[in-house]
């Protein structure tokens, strides 16, 4: 029997197979090709290495950035960055010191490439097909868009990888999610993944690595595939992947960390062997019809509480739904479309790439942000910021009345001070609508950049298809 | 409440948080992640449940009766620990005095992070979890060695626990050392990696 993409990568990275029950019973040890690092989940791991007197085994396989605790407003006239707290500043300085000390490539304030870790890695071509990639961040699944096995780890494991370049891992099961057909106008990768999470549930992927395939997935561009894989963790999956193809190679070619010349040709030759074999089997298969997907939004307090934008919120009265409705100030069975919107956030590792900004600008061009609505647009990286500014997208946002910021995670998790106030309704292109995530008492509605932009100009939760002419 | 470290037995009363999908943002909100230490996060555990929007402590909240001299085991709903990979979540729970969490299903990254820190994630059938939710503050005895939990007046139940993880907790085996000891195999792998 053939192998899946996941199984091929797993086997190629086995340093030591799982021990037998009679032996030490240890999980498999797998080798990690790329370790992404940021300021929040790494300091305690570096401290652990220090206390043991251990070096970083492969600093050349690490790549670091600062993104979570960083302000998105520029430095003041005094040159000082407006950190939310002294602790945030110390945390950023700590990762800078740790990386300098251990010879790890860090893209800090002085780098033109600094960005959200899951935007920057692919952008630099460090993310490549067939790799194992980890980071102390659950949205590491993003990199699976390139046919890599990429997943989030905790800080103890960050220490393991720093010291050994390896991880102890129990082998996950495989879940194939097949999306066939053509996506309707106004339906994006974000809507596809929200629809999938709504269909299989917030823990429907627990214990699995997902491979997304089918004609609708093939049809997505690389940015769309990143959005799709990014939210795999929101249904509990260990990772999400899409097999590499010509789009993948074209996107990566020429990027600074990608192989060059003959090495590139050899790499592509290897990568072509990765896609799942025709006779391979997934442990579980879910089929989704592309035409069933409409622009999708969340109504509750986890990413599995999803509706199509034209639907009413479920007429549910169970404790979880009642609690979520109460937090969201919504009633069972009511429409969510048309609710007043206080804040719109366009950004995060889910939807802050150039195509996301183009889509949002397409809706906002020549329009104004509604009175009483605040709009924050935060590019995923400094490269994207410059690209957007070269195209004039920033001017579209500013002319409309939105705020245009420096790259970072920003209001996705609101730990840098970019946040909403209690009771405010936020239409957000990020990945989590947990209670209080975007600010104490803030009510998050997850949506695509098109839906977010449409809601920004009307000041109401709005189906982007209802604004004529703007949806490309 | 007794805890016999040498025999790896936890005897205490349960504390119930009967909600599904308790995410890591609830366990430890993002604003407390700017620390560069592991210690001291207990004071912020479930912070937004225990405080109002101005930061004042609430009199009534889901943890009002939690007393770490009595309760060392939380009983949660399904899918405990979903969301972010922040290891600050098990650090905060341990710092608050929690030694085990019971759920019918754990989120994957939280489960791993908990075990790496000696916080026991105990998966039990929904019916058993439901019994505990119906009987708040129920006494239990957890034996890591036999991977079983005795629920007073209800029965004894085995729970799945990666034997290696259990072995590491019982024998005090350090997983980083364990991987470091595989250096020869790691080198072999590095030699055959494509350049």
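Within segment A:371-401, name every residue whose backbone N is under 17 Å away from a label modeled 7 Å from Cα of residue A:221 along the Cβ vector. Within reach of a label on residue A:221, which here means backbone N under 17 Å from a point 7 Å along Cα→Cβ, segment A:371-401 contributes A:379-381, A:383-394.
In chain A, the C-alpha radius of gyration followed by the widest Cα-Cα span (Dmax) gives 21.6, 70 angstrom.
Taking every Cα-Cα distance in segment B:90-195 and sorting them into 5 Å bins from zero, the calculated P(r) comes out as 2, 10, 18, 19, 17, 11, 7, 6, 4, 3, 2, 1, 0 percent. Beyond 18 Å, what share of the Cα-Cα pairs of segment A:28-175 remains, rounded to the nearest whole percent? So the portion of pairs separated by more than 18 Å is 55 percent. Ranking of A:404, A:299 by neighbouring Cβ atoms within 10 Å, starting from the fewest: A:404, A:299.
Beyond 20 Å, what share of the Cα-Cα pairs of segment A:137-253 remains, rounded to the nearest whole percent? For segment A:137-253, the share of Cα pairs beyond 20 Å comes to 41 percent. Can you tell me which of B:120, B:132, B:63 moves the most in a GNM of chain B? Springs connect C-alpha atoms under 10 Å apart. In this elastic network of chain B, the residue with the biggest mean-square fluctuation among B:120, B:132, B:63 is B:63. Springs join every pair of Cα atoms under 10 Å in this Gaussian network model of chain B, and among B:53, B:171, B:126 the largest mean-square fluctuation is at B:53. Rounded to the nearest angstrom and listed largest first, the equivalent-ellipsoid semi-axes of segment B:42-137 from its Cα gyration tensor are 21, 17, 13. Counting beta carbons within 10 Å around each of A:31, A:83 and listing the fewest first gives the order A:83, A:31. For the pair residue A:399 and residue A:387, how long in nm is the line joining their label points, each one 7 Å along Cα→Cβ? Using points 7 Å along Cα→Cβ, the separation is 2.2 nm.
Starting from the alpha-carbon convex hull of segment A:163-207, give the projected area averaged over all orientations, in nm². The Cα convex hull of segment A:163-207, projected and averaged over all directions, gives 5.3 nm².
Over the Cα atoms of segment A:1-72, the radius of gyration divided by the Kirkwood radius equals 1.10; this is the Rg/Rh ratio. Treating the angle as unsigned and between 0 and 90°, give the value, to the nearest 10°, between the Cα long axis of helix B:183-192 and the longest Cα principal axis of chain B. In chain B, helix B:183-192 runs at an angle near 70 degrees to the longest axis.
Got a sec? Which residues in segment A:27-43 would a label at residue B:177 touch, if it sits 7 Å along Cα→Cβ and we count backbone N under 19 Å? From segment A:27-43, the list is A:27.
Calculate how large, on average over all directions, the projected area of the Cα convex hull of segment A:269-409 is; give the answer in nm² to one decimal. For the Cα atoms of segment A:269-409, the hull's average projected area reads 13.3 nm². Cβ-to-Cβ counts within 10 Å put A:329, A:38 in ascending order as A:329, A:38, the fewest first. Helical runs (DSSP H, four residues minimum) scored at -39500 (n - 2.57) apiece and divided by the length of chain A put the mean residue ellipticity at 222 nm at -9000 deg cm²/dmol.
When chain B is treated as a GNM with alpha-carbon contacts under 10 Å, the residue of B:22, B:149, B:170 showing the greatest mean-square fluctuation is B:170.
Scaled against the 2.2 N^0.38 Å expected of a compact globular protein of N residues, the Cα radius of gyration of segment A:428-469 reads 1.25. Once the mean of 1/r is taken over each pair of separate Cα atoms and inverted, segment B:9-192 shows a Kirkwood hydrodynamic radius of 17.4 Å.
Only the coordinates and a few stated rules stand behind these numbers; no lab work does. Just so it is clear, the model here is predicted, and its values are computed rather than measured. Positions of Cβ are generated from backbone atoms using ideal geometry, with glycine treated the same way; all protein chains shown enter the neighbour counts.
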